[in-house]
Every structure is written in structure tokens, then in C-alpha cells.
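Student: Here's a structure for you.
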Amino acid sequence: EHLAASRRRAAGLTVAVGYDTRFLSDFFARAACEVLAGNRIRSVLSAGPVPTCAVSRYVVAKRSSAGIMVTASHNPAIYNGIKVKESYGGSAGSETVASIERRLGRSPVKRVAFDEALTAGTIRQAPMLPLFLQGIRSFIDLAAIRQTPLRVVVDSMHGAGGRLIEGLLNGGRCRVETLHANPDPLFGGHAPEPIATHLSELAARVTRTRADLGIANDGDADRLGVIGPGGVWLNPGQVMCVLLLHLVKTRGASGAVVKTVSNTMMINRLSDALGLRLIEVPVGFKHVAKLMLTDDILIGGEESGGIGVKGYLPERDGIVNGLLLLEALAVRRQSLALILRDLERQFGRWWYGRRDLHLTMSQVDHLFRRLHRQTPTTMAGIPVAAVNTLDGIKLIGRDESWLLFRRSGTEPIVRIYAETPQRRRLPRLLAFGVGLTRRR
């Protein structure tokens, strides 16, 4: 009787399945649909590669039970994996992920051949981009951007973003050039992560063409990297501050601000000046998404370039945020350099850096045991005023400089983050952090 009830519940479920441009992502997505069919769960497979947020939008628009996105996001080409979306379109919460993990390997895999399930109607294929683009058009003032003579260079990093931004802005005074729009399973030789070290070509192109903005999206286009005029890299915290200012001052929006523990102190100072409540969470957008469902959150973001905004979806979207940044430039009629200069004049200039260290698991465990047992009282000569253990170990100095050690959630890496209001201190802070990992 219990088995029969479970089968009836499964028969009422529909899961949206999408995939990016990675090697064999399309085959992996088909296999996922076959397994769902084997468990009497209907699925809708994307008709082609899509950004992750296109699956999220489809889940919400079609009131699907859940979504599966086959992607390894910003990780190197040797990786692939899945992201699970709940019925609200956001990342699956910890309880859902734990529930899935508990079921792994508990019974033989059931599957129905793709063509057989397609004939039976258990699997069907559908284009997911139209609903995604419709959602963007309803949220972003594309007309204002098109009417402004902005010059933009987009780097899709050979991922699912393709020429979507260029296509949305065609037909006006705005000029968009797209780099690396073609799929490449090797992503041009480096991970499709929109960080400064991977965007030298974009920076050079922005400088050479005197562009107003450079936008980069990761492999599944849910993260954003930004190059300003003159090829200057903006860290994601600075980008989030520009978007927050636009949402409040131009759109008249309100709500709380969420930042991950690895994000810039400028967000704290700007939120305070705007009279907005600030919430700090561990690294991982799922923590931001959870609050967007239960609280009045205006904007939430993580250090890696994932940002979610009120009124769209409780999920990060690199394409939407790139367009929202262009909307800010178009509507405010200010250059990005000027907006950032005003922010720095009011809230200070912050110097930010990150190092990723490949260590063995035993080295990682030893490092964190030692940091917990013998937490440094100074860092690169700066007295430590507080220690934050929300996610990893974050040493906070008296001058608000900070140094964070945390494990990567997706790779065998220890990440070291640092930020300081004094430029000369940044390399010393990072060197101090690296040095701590090498002690025995």
C-alpha cells in the first residue's frame, strides 16, 4: 500500500531538465530523464543548451515540481555535475540535498530508454529560452539601454550565455560585441570562471575599443564578472554595491541586504548609509536564496559573482545582473567609473584578493584544527579584533582588514580571501595567510 501511494505521488511530478555546453552535458541530461521516467516521473528536457536560470524560470512559469541542471558551473572542463532547483526556482535547500543523498545507491537504478519514454509521453522536449527571455524583458528596462549609446563587450567564456545579451540589445544605439560565444568543451584552456585572471582578453578589448563596460558570465551564466572602462576589474562586491545603489536610488526599492562572509566591507557601510538591514551568511547562494523566500530581501550576493535581486527569482543570474548594471548606466546617465568613484569617496576604497591552494585532505584538516586551537592574535602586523567562524575562520583586524580561510565546497581547495582599506597591506595579508597553511 505504501509503495502504491509512493508511485501515485511520483506520477504527479514533473521535472524540468536543462544542460549547458560542457562535454557530454546533453547525454547526461538525457540519462537523467531516462531515470526519472524509470521512476514514473515526467520530465521536460530543454531543446538545447541553456543558462541555469532558464531552468529556474521554466520551473516557476510552468509550475514544475523541480528542476535539474546539468553543469559544473565555473569549474574546470574535467568536471560535470548537477544543480537541483526547487519549485520556487531557487537552489535546493540543505534538507532536499540531504534527502537526495540518502537515497543514492539504496536500490538498483531504474530507467526507461529515451525514445521509448518520448513515445510514451513520459519525456518531452521543449525550448526553455523563450520563457527565460520573456522574464528578462519584464524585469529589465531594455528600451532605456538600447536608446543609450553605450559600448559593451560581453565574454560568454564559451558557455551557455552565448549571444543572449547581444540579442536582447539589438536594434538600438547600444553596441554589443560578444567574445567566445561559440561552445568549447575545453573553455579556451581555463576554467569558465569570470575572475580577473581569466578576463585579460576582455579587459584588453574593453580598453582597445574604449567600451563603457565589459560583462563576463561563467559556464552556466549564473555568475557575473565586470570590467570597467580602461580595463579595470571590479570585484563582485563592488558590482553588488553599484546594483544596490541603483535599486534604491533609481528604482525606489527597499528591503534587507544579504552578503556572504567573504564579501566586501563596502556593502556593510553602504547598507548602513541607506538605512537597510544587513544579514551575513555562509558562502553559497543557497543561504541567500533561503532568506529571499522567508524575508524581505532586496539584494543578496556572494563573493564569486552570484547575485539575486528582489522581484526576479530567488536565484542568481549573471545575464540579468549584467543587464541591470547596464540599466543603471543608462538611467543614471553616469559612467561606471564615476559611480564607483562616488562610492569609494563615501565608503572608502577597499583592496580585495583571493588565493586558491591545492592541499591534501589531511593538510586541510590539520590547518583548520590548528587555526581553531591556536587562532592568531595578529595578521601581517595587524591586531586581530574579532574572529568569525560562520564559514571557515575569518580574522578581522582593528582597521576592518580581514583574512578568511575556508574549504571549497566543489573542489579539493582551500581558499584564502583578504580585504583591507590599505593597498600595500593586501599582498602582506595574503602572504601571511599562505604562510599559515605551510606551518606544521
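Student: Please figure out what share of the DSSP beta bridges in the chain is antiparallel and state it in percent, rounded to the nearest 5.
Tutor: Antiparallel bridges: around 55 percent, rounded to the nearest 5.
Student: Which order do you get for 351, 233, 402 if you rank them by accessible area with a 1.4 Å probe, largest at the top?
Tutor: Descending accessible area places them as 233, 351, 402.
Student: Once you have the Cα-Cα distance between residue 204 and residue 355, take 0.36 nm times their residue separation minus that, and quote the gain in nm to one decimal.
Tutor: Fully extending the segment from residue 204 to residue 355 adds 52.0 nm.
Student: To the nearest 10 degrees, how steeply does helix 200-209 sit against the main Cα axis of the chain, on a 0 to 90 scale?
Tutor: It works out to around 70 degrees.
Student: Taking all protein chains as present, what is the carbon and sulfur share of the accessible area of the chain, in % to the nearest whole number, probe 1.4 Å?
Tutor: Answer for the chain: carbon and sulfur cover 51 percent of the accessible area.
Student: Calculated from the structure, log10 I(q)/I(0) by the Debye sum over Cα atoms at q = 0.07, 0.08, 0.12 Å⁻¹ equals which of (1) -0.42, -0.54, -1.06; (2) -0.36, -0.47, -1.04; (3) -0.51, -0.66, -1.25?
Tutor: (2)
Student: Given H placed 1.01 Å from N in the peptide plane, which residues other than close sequence neighbours of residue 413 have an amide H under 5 Å from its amide H?
Tutor: Residues meeting the criterion, in which the H sits 1.01 Å from N, are 408.
Student: In percent, what relative contact order does the stretch 362-440 have, based on Cα pairs under 8 Å that are 6 or more apart in sequence?
Tutor: Dividing the mean separation by the residue count of the stretch 362-440 yields 21 percent.
Student: Zone of residue 295 (label point 7 Å along Cα→Cβ, backbone N under 15 Å): which residues in the stretch 308-328?
Tutor: Flagged as within label range: 308-310.
Student: Between the stretch 307-322 and the stretch 41-105, what is the C-alpha centre distance in whole Å?
Tutor: 16
Student: Here's a follow-up. So what does residue 109 come to for accessible area, using a 1.4 Å probe and Å² rounded to 10?
Tutor: About 110 Å², rounded to the nearest 10.
Student: With each pseudo-label sitting 7 Å past Cα toward Cβ, what's the residue 120-residue 368 distance in nm, one decimal?
Tutor: With each label point 7 Å from Cα toward Cβ, the separation is 4.3 nm.
Student: Related question: Please state the relative contact order of the chain as a whole percent: Cα pairs under 8 Å, 6+ residues apart?
Tutor: Result for the chain is 12 percent.
Student: Calculate the FRET efficiency for residue 110 and residue 424 from the Cβ-Cβ distance with a Förster distance of 60 Å, rounded to the nearest 0.05.
Tutor: Efficiency at R0 = 60 Å is approximately 0.50.
Student: Next question. Report the FRET efficiency, 1/(1 + (r/R0)^6), for residue 143 and residue 273, where r is their Cβ-Cβ distance and R0 is 30 Å, rounded to 0.05.
Tutor: 0.45
Student: When ligands, DNA and RNA are left out and all protein chains stay put, how many square angstrom of accessible area per residue does the chain have with a 1.4 Å probe?
Tutor: On a per-residue basis, 44 Å².
The values are calculated or read from the model by the stated rules, or taken from the named source; none is laboratory data. Since the structure is predicted, the reported quantities are computational estimates derived from the model, not experimental observations. Every residue, glycine among them, receives a Cβ derived from its backbone with ideal geometry; neighbour counts consider all protein chains shown. Ligands, DNA and RNA are excluded from the accessible area calculation, which covers all protein heavy atoms including side chains. Shrake-Rupley method; radii C 1.70, N 1.55, O 1.52, S 1.80 Å.
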